[in-house]
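Novice: Before anything else, here's the structure in question.
The values are calculated or read from the model by the stated rules, or taken from the named source; none is laboratory data. Predicted model, so just to flag it, every value in this text is computed and none were measured. Reconstructed Cβ throughout: ideal geometry from the backbone, glycine too, with neighbour counts over all protein chains shown. We work out accessible area using only protein heavy atoms, side chains counted, and drop any ligands, DNA or RNA first. Shrake-Rupley method; radii C 1.70, N 1.55, O 1.52, S 1.80 Å.
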Amino acid sequence: MNPDLIISQDQLKAGDVHWQSPSNIAIIKYWGKHGIQLPQNPSLSFTLQNALTETKLSYAPKESPSKGIELDFWFEEQQNNVFGAKVANFLEQLIPTFPFLEQLSLKIQSVNSFPHSAGIASSASSMSALALCLCSLEDQFFGTLGDDVAFDRKASNIARLGSGSASRSIFAGAAVWGQTNLVAGSSDEFAVSIEERLHPVFKTLHDDILIVSDAEKPVSSRAGHALMNDNPYASTRYAQANQRLDILLQALEAGDLEKFGKITENEALTLHGLMMTSNPSYLLMEPQTISIIQAIRRYRKETQIPVYFTLDAGPNVHMLYPEEHIASVRGFVHGELASMLHDGVYIPDFVGEGPVEV
Ligand code: DP6
């Protein structure tokens, strides 16, 4: 418990903090964790621009002092007690870090920019938005996080406790989470920006998220990560992620799309390979996922346009390509891919500027 972060009676007041925070797409995947949300290998992702969560945290002094969290949680403009209980539980765990939370009555209103049914993982955007609100709250009352570096580091650390991948969403452009000698200042506890290392072609990279299915995931990320504990390929995998990060960083700096694409696609298939070889085994690709992957590879060969795919722990395909090819690639989406998509839906996104305080 940090006794310095208790609000004195005369400072207790009502107010709000409000953030928009984006999702991210991992190129080197985080899959496997230990301890309290610590990664088994460093991961690297691009921060997206359009797929985001907007979270408003309103607070007022509790009517009478009590232990624990007092929370009213709203999702997509409706009170949501199921999500509310999960968030309250998370906030309870954070009381030693933010002891002033016990002094306040909280209302959280959260909305996503993407349809809930799109099957897009929202934990990265929602947990990073919440972490940013909590850090703003601390800063409003105590002025302890005025310096941007300290603010981002704490926000990333808190976001990580909510969902590992959320630690990377705090930063514009691209970020690495997990200790590695390849990135100065990197840590298992928070992510760091690698935006300044990106060649310009990657700063405007597009990611069209091709929706294959909007079904709920059959395995939660938490359970998925746990399967790595007994996966026979685990240690080789963690070593491979480190080696690939080295090559990927060189490609990102040099603007080498071919090298980038090879690693990107192989990482996606490795992630799914790990899930398929776990016990129990999960096969999260759908037939359309494979058809889209094959169509992307065929299109790339025919046109020489550097377009590559990656996957999260689900059937939807992220299609990555440089800004200059947008017209041709959109023609390909509408002409060849649309019939393989769920209701013909895709979500156009691109590498973004990071979270914004509203
Ligand atoms: C496949 O961050 O969702 O998207 O820490 O349990 O919340 P928890 O897991 P989560 O795992 C994301 C896994 C991934 C790859 C990645 O984003 O690195």
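Novice: Give me the pairs: first residue in segment 167-182 and without any contact (Cβ under 8 Å) to a residue 40 or more places away in the chain, second residue open to solvent by less than 10 Å² (accessible area, probe 1.4 Å) and among the small types (Gly, Ala, Ser), beta-carbon distance under 7 Å, and six or more apart or on different chains, which are they?
Specialist: 167/156; 167/159; 167/191
Novice: For residues in segment 74-99 being of a type in the set (Phe, Trp, Tyr) and touching a Phe, Trp or Tyr at 6+ places or on another chain (Cβ under 6 Å), which is modelled with the highest pLDDT? Steps first, please.
Specialist: Applying the first criterion (of a type in the set (Phe, Trp, Tyr)) to segment 74-99 yields 74-75, 83, 90, 98.
Filter once more, keeping what is touching a Phe, Trp or Tyr at 6+ places or on another chain (Cβ under 6 Å): 75, 83.
On the way: 75: 94, 83: 91.
The selected residue is 75.
Novice: Now for a different question. When you look at residue 166, is it buried (at least 20 other Cβ atoms within 10 Å of the Cβ) and within 13 Å of the ligand (Cβ to nearest atom), yes or no?
Specialist: Working: buried (at least 20 other Cβ atoms within 10 Å of the Cβ): yes; within 13 Å of the ligand (Cβ to nearest atom): yes.
In short, yes.
Novice: Working only within segment 131-157, note down all residues that are within 15 Å of the ligand (Cβ to nearest atom) and closer than 20 Å to residue 358 by Cα. Reasoning before the result, please.
Specialist: Keep residues of segment 131-157 that are within 15 Å of the ligand (Cβ to nearest atom), which gives 131, 156-157.
Across segment 131-157, the qualifying residues are 131, 156.
Novice: Hey, another quick one. Can you tell me which residue in segment 100-118 is least open to solvent (accessible area, probe 1.4 Å), limited to those that are modelled with pLDDT of 95 or more and among the hydroxyl-bearing types (Ser, Thr, Tyr)?
Specialist: Here the answer is 110.
Novice: While we're on this one: Scan 271, 205 and give me the residue that is more than 16 Å from the ligand (Cβ to nearest atom) and under 19 Å from the mean Cα position of the chain (by Cα).
Specialist: On the way: 271 fails: more than 16 Å from the ligand (Cβ to nearest atom).
Residue meeting the stated conditions: 205.
Novice: Which numbered condition in (1) open to solvent by 10 Å² or more (accessible area, probe 1.4 Å); (2) over 30 Å from residue 246 (Cβ atoms) is the only one that residue 40 fails?
Specialist: Here residue 40 clears every test but (2).
Novice: Here is a follow-up. Name the single residue that is nearest to residue 188 (Cα to Cα) among those in segment 22-54 being of a type outside the set (Phe, Trp, Tyr), out of contact with any strand residue (DSSP E or B) (no Cβ under 7 Å at 6 or more places or on another chain) and touching a residue at least 60 places away in the same chain (Cβ under 8 Å). Quick ask: steps written out before the conclusion?
Specialist: Step one: list which residues in segment 22-54 are of a type outside the set (Phe, Trp, Tyr), which gives 22-29, 32-45, 47-54.
Okay, now just the ones that are also out of contact with any strand residue (DSSP E or B) (no Cβ under 7 Å at 6 or more places or on another chain), so 32, 34-38, 41.
Within this subset, residues satisfying the condition of being touching a residue at least 60 places away in the same chain (Cβ under 8 Å) are 32, 36-38, 41.
Numbers: 32: 13, 36: 10, 37: 9, 38: 6, 41: 9 Å.
This residue is 38.
Novice: Restricting to segment 13-44, and then to whatever is hydrophobic (A, V, I, L, M, F, W, C) and assigned to a loop (DSSP other than H, G, I, E, B), can you tell me which residue is nearest to residue 58 (Cα to Cα)?
Specialist: Of segment 13-44, the ones hydrophobic (A, V, I, L, M, F, W, C) are 14, 17, 19, 25-28, 31, 36, 38, 44.
Among the residues that remain, those that are also assigned to a loop (DSSP other than H, G, I, E, B) are: 14, 31, 36.
On the way: 14: 8, 31: 34, 36: 28 Å.
Selected residue: 14.
Novice: Is at least one residue of segment 119-126 over 23 Å from residue 13 (Cβ atoms), open to solvent by 50 Å² or more (accessible area, probe 1.4 Å), part of a loop (DSSP other than H, G, I, E, B) and within 16 Å of the ligand (Cβ to nearest atom)?
Specialist: Within segment 119-126, the first condition is being over 23 Å from residue 13 (Cβ atoms), and the residues that meet it are 119-126.
Add one more test, that the residue is open to solvent by 50 Å² or more (accessible area, probe 1.4 Å), and what stays is none.
Among the residues of segment 119-126, not one is over 23 Å from residue 13 (Cβ atoms), open to solvent by 50 Å² or more (accessible area, probe 1.4 Å), part of a loop (DSSP other than H, G, I, E, B) and within 16 Å of the ligand (Cβ to nearest atom), which makes the answer no.
Yes or no, residue by residue, for (1) among the acidic types (Asp, Glu); (2) farther than 20 Å from residue 24 by Cα; (3) surrounded by fewer than 21 Cβ atoms within 10 Å (Cβ to Cβ); (4) in contact (Cβ under 8 Å) with a residue 12 or more places away in the chain:
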site	(1), (2), (3), (4)
220	no, no, yes, no
248	no, no, no, yes
279	no, yes, yes, yes
286	yes, yes, yes, yes
301	no, yes, yes, no
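Novice: Something else now. Here is a list of conditions, (1) within 30 Å of residue 335 (Cα to Cα); (2) in a helix (DSSP H, G or I), and residue 283 meets all of them except one; can you say which number that is?
Specialist: Evaluating residue 283 over (1) within 30 Å of residue 335 (Cα to Cα); (2) in a helix (DSSP H, G or I) leaves (2) as the failure.
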